[in-house]
Every structure is written in C-alpha cells, then in structure tokens.
Amino acid sequence: MISAAVGTIPGYVGGDGRFAPSPSGPLHVGNLRTALLAWCFARHNPRARFLVRVEDLDPARSRREHERGQLEDLRALGLDWDEDPPVRQSERTGLYREAFQRLERDDAVYPCWCTRKEIREAASAPHRGAGAYPGTCRRLSARERAAKERSGRPTAWRLDARRQPVTFIDALHGEQHGTPDDFVVWRGDGVAAYNLAVVVDDAEQRIEQVVRGDDLLEGTPRQVLLAERLGLKAPRYAHVPLVLGPDGRRLAKRHGAVTLADLRAKDVTIEQILAWMAHTSALSAADEPYTPPLALATRLDPDRLSREPTVFAPIA
Ligand code: GLU
C-alpha cells in the first residue's frame, strides 16, 4: 500500500499550484472557474507559485490560436501566473522520454499491441472495472511477442501496475483508494501518454497541489502510482466540481453562451462572470456582489467549497 505525500488535514491550501489546460478549444466558464479555484488555492499564500502549463501533447487537437485565447481569457479574469510564457508539453518530450526509459530499465513497462476493440471485448469479462486493461500483452510468450512485433501494428507501452493499491487524500473528497490497471504510459503514435507527462511535469515544476476538475479524480490513483514508480513525490490534490449543462452533461458549446467571448458579446461583464463563479463554487455568499480574485484567495477555505456540480444557467 502506498500513499501520496499528503498532510492529514484535507483542508490543505496555499502550496505551489498550476492550471493545465489543453488548447483544443476556447475555455468555457466551467474550465475558467476551475482556473480561478486553482489560482485561489495557490494565491492564498503570497509566497506560493502559480503556473500555467499548456497541455498540447495531442498534435491533432492542439492549436496555437486556442492557447493564445485561453491565456487571454485567464488574464481578462485577473489571474496571473509565474514563469511566463508557460511551458508547453509538446516541447518537453525529452523529459518524458527520460522518465519512460527509467521505467523501462526497471522493467516496469511492457509493450502492447491491443486495439481498442480487443480491449473492450476482453475487458467485458466479469470482475473487471469498465475500461480496465485486462493484461493481455503482459502474458505473451516470447514467441507471441515476436509475432506481434512483426505484425507492424503500432506499439504502445503500459505500466505493469501489479494490482498495487493506492491511497491518497483529496482536499475536497477525503481519503481515496484505487487499484490502477496497466495503463498506457507511451502511446502507439509515439507520443507520451497524458498520465506520464502530467506526473513528470508536476514533479519537475515542483507543483505541491493540483486543483482540477473532479472528472479527473477517478484517474488520479494512476498518477499517484506512477509518481511512486518513478521515485517522485506526488502532489496534494483538490478535485473541484464541474459545471454541467441543463441536460446534466459536461458543459459545451451547444449549451449556449459558455465562453468569455460569448458572454462579453452579450454584454455580461467580467465582474458578473467572476461573481457567478464565486457564488456557484461557494467562494462567496449568494447575495454577495463582485469580490476581486485576491480577496477570494485570501479567505479561501476548501472545507466550505461546494462539492456539487453546478448546473449552468445564463449568467446575468
Ligand atoms: N489538460 C487536462 C485537461 O484540460 C488537465 C490535466 C490536469 O489538470 O492534470 O483536462
């Protein structure tokens, strides 16, 4: 059993933090609210650093114009960051490769040629979590492995997780347990997998606390395990609620005016947007008018933050 290096009080706040958006489109008010919360967690402590990291690993989905737009939106909200310009994951392949090679040297990874379809079919066997990798390629004989190599299929690399249980504490959700499957650390298309890049970056950038959307809570045991296998200190975590559309699905363009540009085109002010973010996450009382981000940061108390998703309704 391993545990992330976390304090015993779930209400931790004020360490070096970051916001790590993927530049695949404009940020919506849900993403921006997460950014505000991550910023407040760090800026609660005047000595803590707050970084932005551009998670542009996926070349097919990442665009520089979205990166620029996202940074402009953060600035427009009055959020600042140390170390400008922010690092881009696409420029850090060497770091990820080095971490991967360390895992390879430790015999902690194995090659995998399974297609999504094969995994789906094998994983539907009983007693396995939905989407968990069933370990097919871990059990290949040397001959089977050689045949796969000759097949010309792309090779991904998976961590041999050995069904190791993981425990960590989340500032909002309390003690968490998980047993990661053998997840991909290096993709078949030659790109470092998200989990590897995030773990390497958070450690290399000396991030002490990760504040992000709670859709990522379920995958966090994988990152805690990977940090441990790489001999890195895992950060503390605070997974904050998402903003959903009225249909209960994740907020998206189809739900109306959800980006800063959309809202400003409707004459909604930055102050109104910030007030909405603060009310809906319980950073401020429902009847409180606009409060500047730094004042929100100073009084931030994770114990009082909302744990419930917010259903989006038109702002102002
Ligand atoms: N880049 C991820 C996203 O935009 C966030 C990853 C993280 O915060 O760890 O969903």
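Values for this structure:
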read-out	value
Cα centre as origin, Lys/Arg/Asp/Glu Cβ charges: segment 1-120 dipole, Debye	260 debye
Cβ charges +1 (Lys, Arg) and -1 (Asp, Glu), total dipole of segment 127-230, debye	900 debye
Backbone HN-Hα couplings from phi across segment 212-226 [Karplus 6.51/-1.76/1.60, Hz, Gly and Pro as x]	7, x, 6, 5, 9, 4, 4, x, 5, x, 4, 6, 5, 5, 4
Exposure rank, largest accessible area first [Lys233, Lys117; 1.4 Å]	Lys233, Lys117
Across the chain: Cys residues that no other cysteine approaches within a C-beta distance under 4.7 Å	Cys40, Cys114
Most to least packed among 189-198, 242-251 [average Cβ atoms within 10 Å]	189-198, 242-251
Heavy atoms of Glu55 accessible to a 1.4 Å probe, total area in Å² rounded to 10	20 Å²
Ordering of 96-105, 27-36 by packing [mean C-beta count within 10 Å, highest first]	27-36, 96-105
Nearest-ten-degree value, helix 64-76 long axis tilted from longest Cα axis of the chain	40 degrees
Tensor-based shape of segment 166-214 (alpha-carbon gyration tensor, a/c under 1.5 rounded, otherwise prolate or oblate)	oblate
Estimated 222 nm signal from helices in the chain, with DSSP H stretches of n ≥ 4 weighted -39500 (n - 2.57), rounded to 500	-9500 deg cm²/dmol
Amide H within-cut-off set for Glu208, under 5 Å, with H built and near neighbours excluded	Asp16, Gly17
Cα gyration tensor shape of segment 82-187, rounded if a/c is under 1.5, else prolate or oblate by comparing a/b with b/c	oblate
Cα long-axis angle, helix 93-105 against the chain (0 to 90 degrees, to the nearest 10)	40 degrees
Sorted largest first, extent of the chain alpha carbons per principal axis (Å)	68, 41, 40
In degrees, nearest ten, helix 270-280 long axis to first principal axis of the chain (Cα)	70 degrees
The chain - percent relative contact order, Cα under 8 Å, separation 6 or more	24 percent
Dipole axis of segment 223-308 (+1 Lys, Arg; -1 Asp, Glu on Cβ), positive-most option in Pro241, Thr298, Leu230	Leu230
Segment Ala142-Glu218, extension gain: residue separation times 0.36 nm, minus the distance between their alpha carbons	24.0 nm
Residue among Ser151, Ala313, Phe19 farthest towards the positive dipole end of the chain, charges placed on Cβ	Ser151
Candidate lysines - alpha carbon under 28 Å from Lys117, same-chain residues fewer than 8 apart omitted	Lys148
Lys, Arg +1 and Asp, Glu -1 on Cβ, resulting dipole of the chain about Cα centre, debye, nearest 20	1120 debye
Solvent-accessible area per residue, Å², over segment 175-248 with all protein chains present [probe radius 1.4 Å]	35 Å²
Fraction of accessible area attributable to carbon and sulfur, the chain (%, probe 1.4 Å)	50 percent
Relative contact order, percent, segment 1-110 [alpha-carbon distance under 8 Å, six or more residues apart]	28 percent
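The values are calculated or read from the model by the stated rules, or taken from the named source; none is laboratory data. If you're wondering where the values come from, they're calculated on a predicted model, not measured in any experiment. Note that each Cβ is placed from the backbone with ideal geometry, even for glycine, and that neighbours are counted across all protein chains shown. Calculation scope for accessible area: heavy atoms of the full protein, side chains included, ligands and nucleic acids excluded. Shrake-Rupley method; radii C 1.70, N 1.55, O 1.52, S 1.80 Å.
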